[in-house]
1. Restricted to region 246-262, and to residues that are surrounded by 22 or more Cβ atoms within 10 Å (Cβ to Cβ) and in a loop (DSSP other than H, G, I, E, B), which residue is farthest from the chain's Cα centre (by Cα)?
2. Would you check if V115 is open to solvent by less than 10 Å² (accessible area, probe 1.4 Å), more than 25 Å from S155 (Cβ to Cβ) and within 20 Å of the chain's Cα centre (by Cα)?
3. Just give me the residues in region 175-203 being under 21 Å from V140 (Cβ atoms) and open to solvent by less than 30 Å² (accessible area, probe 1.4 Å), in sequence order.
4. Can you tell me which residue is nearest to the chain's Cα centre (by Cα) among those in region 142-159 that are farther than 20 Å from I121 by Cβ and open to solvent by less than 40 Å² (accessible area, probe 1.4 Å)?
5. Mind checking whether some residue in region 87-107 is free of Cβ contacts under 8 Å to residues at least 60 places away in the same chain, more than 28 Å from G214 (Cα to Cα) and in contact with a Leu (Cβ under 8 Å, 6 or more places away or on another chain)?
6. Looking at region 296-317, which of the residues that are open to solvent by 20 Å² or more (accessible area, probe 1.4 Å) and more than 16 Å from the chain's Cα centre (by Cα) is farthest from P102 (Cα to Cα)?
7. Quick test of your reading of the structure: A273 fulfils all but one of (1) open to solvent by 50 Å² or more (accessible area, probe 1.4 Å); (2) assigned to a helix (DSSP H, G or I). Name the failing condition by number.
8. Is it the case, given these coordinates, that R282 is among the basic types (K, R), loosely packed, with under 13 Cβ neighbours inside 10 Å, assigned to a helix (DSSP H, G or I) and over 13 Å from the mean Cα position of the chain (by Cα)?
Amino acid sequence: MHRRRLLAAAAILPAASVRAQPAWPNQPIRLIVPFAAGGPTDIPARLFAEEVSKLLPQRVVVENRTGAGVVVGTEAVATAPKDGHTLLYSTIAHSVLRPLFPRLAFDPVADFQPVALLGVIPMILLVNNDLPAKTMQEAVALFRNKPGEYDYGSSGVGGAVHLATELLLKRAGDLKVNHIPYRGSAAGMPDLLSGRLAMFMDVAAGGLTFAKRGDARAIGISSAERLPQAPDIPTFAEGGVANAESYTWHMVFAPAGTPAPVVEQINAAFNKAAAQASVQQRLTDLTMLVRHDSTPETSKRWLTDEITKWEAIIRDAGIKVE
């Protein structure tokens, strides 16, 4: 009799424990995007917010919080309630916060729970049409033979384009090409087209536009495999530069300490949205390689690997945000 009572109690406890968990979501979910509205990060974030809202009893509302790079918006999530109703939608920028902003009021690792890696976007290396190099091998040889004589542009110090270019230069043999930062790719591209810059790395969607029009020459792509939208552009590895794979990526984070069952529900909702054919098509048009099977654990491993890779590049290249 005593044994039966113990077994009955054991069977009831898990159910009681589940009932004790607060329902999620029980209010609108704020998706903080630490980038400007209408930009290349905001557009996919709003798509996901729209689709995830259809799957939940509460809406997901995008809130753009810019300032000090991504610091202001990221800090807002770090200090938010740990209940799954305030989330962060960020990019590779999250992985370089520690070395670029050493006096942060939060810890980009300890204060956040990676929830879902939603997709990665490769970058395309463009050179101006007058550069006497038509392939990656020729460009590497040119820069090696004339160190410091050529310039490359980026969309800003410490951004994905800057970091990817520095990684490429290092893997190609510590090539010396001068960095000229701009306030966004759109500001720097005219200098590439006019010949002021030798090369410019750009996210795939932007780079393809210039390459297809013939305004600049695309000589490599940073992904492990060729992009379906541009099968003629070889990967960096095919061009003779190994271990230079790089992406900007999109990930959802929750404040650290958010209950694991809630984190799992958020992950499931975003993965389900990412798996929809209509969502995949719209993101493919933006040259995103969509992920719809990530877990909090695989997302954390991805972030850890990215932090290790980019902190080393920042240290070796002496990159600092003024």
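1. Across region 246-262, the extreme among qualifying residues is T258.
2. In short, yes.
3. Those that are under 21 Å from V140 (Cβ atoms) and open to solvent by less than 30 Å² (accessible area, probe 1.4 Å): L175, V177, L192, L197, A198, M199, F200, M201, D202.
4. Ranking the qualifying residues of region 142-159, first place goes to D151.
5. Yes: region 87-107 contains one or more residues that are free of Cβ contacts under 8 Å to residues at least 60 places away in the same chain, more than 28 Å from G214 (Cα to Cα) and in contact with a Leu (Cβ under 8 Å, 6 or more places away or on another chain).
6. The extreme case among them is E297.
7. Result: A273 fails condition (1) only.
8. It is false that R282 is among the basic types (K, R), loosely packed, with under 13 Cβ neighbours inside 10 Å, assigned to a helix (DSSP H, G or I) and over 13 Å from the mean Cα position of the chain (by Cα).
The values are calculated or read from the model by the stated rules, or taken from the named source; none is laboratory data. Keep in mind it's a predicted model, so treat the numbers as computed, not measured. Note that we place each Cβ from the backbone using ideal geometry, even for glycine, and neighbour counts take in every protein chain shown. The area values use the complete protein model at the heavy-atom level, side chains included, leaving out ligands, DNA and RNA. Shrake-Rupley method; radii C 1.70, N 1.55, O 1.52, S 1.80 Å.
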